[in-house]
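What follows is a set of notes on a single structure, which appears directly below.
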Amino acid sequence: MDIQRGIAIIMNTWLDIRRDELILLVTDETHVRELEAFDRFARSQDAILKSIVLNSADVQNGDCIDAIAPLLDSANVIIGATDYSFITARPVSKAVARGARFLSLPLSCSDGTSLLENEFIGMSPVAARRMAQRLLPPLERCDTIHVTTEAGTDLIFRKRGRQPGCYCGMADHRRAIGSASFEVYVPIEEHETEGRLILDGSLGYLGLVRSPIEIHFSHGTLSAVSHSEDTVRLLEYMEHFNDPTMYQAAEFGIGLNTISRCRGVSYIEDESTFHTFHIGMGRNISLGGIQEAAGHFDIVTHRPTIYAGTIMIMQDGELV
């Protein structure tokens, strides 16, 4: 996909930009090419685009987002186009509550391409919403989610008092939060996840697992059982946050993008992939949870069978 076509999808379809709106593009030093492309598009459409370039190393912990909170409050539309997502940062929730709309557009790709050039962003938001409409009612009514896989995953998530939601790119009205990750998400209870995960997909920002690894959850806290190179990579990554809440399961998600493939190139594409589910670790404030943390990242697993309470909603990765 041409980068300008990707931007047109985002600006015209996902955001439905209007000429009198102030668009604030928040990016980092690793994405100058995308910034220049957004600027060309804005000028061609007589749109008002302002930009902030942050240090990519500072984005995930959220401190630099706190520092620019007044600028977020001044915009009609905010695009988070940094390497790491900051959709779960508290200033985003405050700006949206004030009336802005926010699109999380994490641009991290490990193969040198731009996210905006990848075909998966062409997935139809309408089709994704139809899929979500089949999943959301039973997820809204249940208190527990039970997930198994043929590989041996057997997990229970609890969500009493928590409401699921859907991302499908769209952030086209006031107070909307959208994401390039097409998914149904549930802000699960932070200390209630129990069971075993056989992780055979992606380690989020770290890419694909080389072979499945076994992970246990007790009272919501992750502990690795397998002893492998992938296990070491995951634990070292978690340790670098220096925050014990990063080990807490905070989100349950189901991918809705039928164009996406879990390739380990873009974590947004990985967690969006249909036939997968993911567990978000760490911060979940803006999703409807209560947990602050030094960051948020997702681990992705293939072909789940999912029960919302007693109702099966997915079998071996296919909608029921």
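Only one of these is surrounded by fewer than 17 Cβ atoms within 10 Å (Cβ to Cβ) and either hydroxyl-bearing (Ser, Thr, Tyr) or assigned by TED's automatic domain parsing to the domain that holds Cys109 (or both): Ser218, Ser266, Ser272. Name it.
Values: Ser266 fails: surrounded by fewer than 17 Cβ atoms within 10 Å (Cβ to Cβ); Ser272 fails: surrounded by fewer than 17 Cβ atoms within 10 Å (Cβ to Cβ).
After applying the criteria, what remains is Ser218.
Name the single residue that is nearest to the chain's Cα centre (by Cα) among those in segment 275-287 being surrounded by 24 or more Cβ atoms within 10 Å (Cβ to Cβ) and β-branched (Val, Ile, Thr).
Among those residues, the one meeting the criterion is Ile279.
I need the strands (runs of 3 or more DSSP E) fully contained in segment 98-206, keeping only those with at least 1 residues that are of a type in the set (Ser, Thr, Tyr). Break it down into steps so the answer makes sense when it comes.
Values: elements: 101-104, 144-148, 154-158, 165-167, 177-179, 183-186, 194-199.
Per the criteria, 101-104, 144-148, 165-167, 177-179, 183-186.
Being in the same structural domain as Asn284 (by TED's automatic domain parsing), surrounded by 14 or more Cβ atoms within 10 Å (Cβ to Cβ) and touching a residue at least 60 places away in the same chain (Cβ under 8 Å) is the requirement here; does Leu135 meet it? Can you show your working first?
On the way: in the same structural domain as Asn284 (by TED's automatic domain parsing): yes; surrounded by 14 or more Cβ atoms within 10 Å (Cβ to Cβ): yes; touching a residue at least 60 places away in the same chain (Cβ under 8 Å): yes.
Judged against the criteria, Leu135 is a match.
Just checking, which of Ile290, Ile254, Ile299 is under 16 Å from the mean Cα position of the chain (by Cα), β-branched (Val, Ile, Thr) and closer than 23 Å to Arg160 by Cβ?
Values: Ile290 fails: under 16 Å from the mean Cα position of the chain (by Cα); Ile299 fails: closer than 23 Å to Arg160 by Cβ.
Result: Ile254 is the single residue among Ile290, Ile254, Ile299 that is under 16 Å from the mean Cα position of the chain (by Cα), β-branched (Val, Ile, Thr) and closer than 23 Å to Arg160 by Cβ.
Only one residue in Ser93, Ser124 is hydroxyl-bearing (Ser, Thr, Tyr) and crowded, with 16+ Cβ neighbours inside 10 Å, so which one is that? Spell out the reasoning first.
Values: Ser124 fails: crowded, with 16+ Cβ neighbours inside 10 Å.
Among Ser93, Ser124, only Ser93 is hydroxyl-bearing (Ser, Thr, Tyr) and crowded, with 16+ Cβ neighbours inside 10 Å.
Of all residues in segment 75-90 being farther than 16 Å from Thr27 by Cβ and touching a helix residue (DSSP H, G or I) at 6+ places or on another chain (Cβ under 9 Å), which is surrounded by the fewest Cβ atoms within 10 Å (Cβ to Cβ)? It would help to see each step written out before you state the result.
Initially, segment 75-90 is screened for residues farther than 16 Å from Thr27 by Cβ, giving 76, 88, 90.
From what's left, touching a helix residue (DSSP H, G or I) at 6+ places or on another chain (Cβ under 9 Å): 88, 90.
Values: Thr88: 27, Arg90: 16.
That would be Arg90.
The values are calculated or read from the model by the stated rules, or taken from the named source; none is laboratory data. This is a predicted model, so every value here is computed, not measured. Positions of Cβ are backbone-derived with ideal geometry, glycine not excepted, and every protein chain shown enters the neighbour counts.
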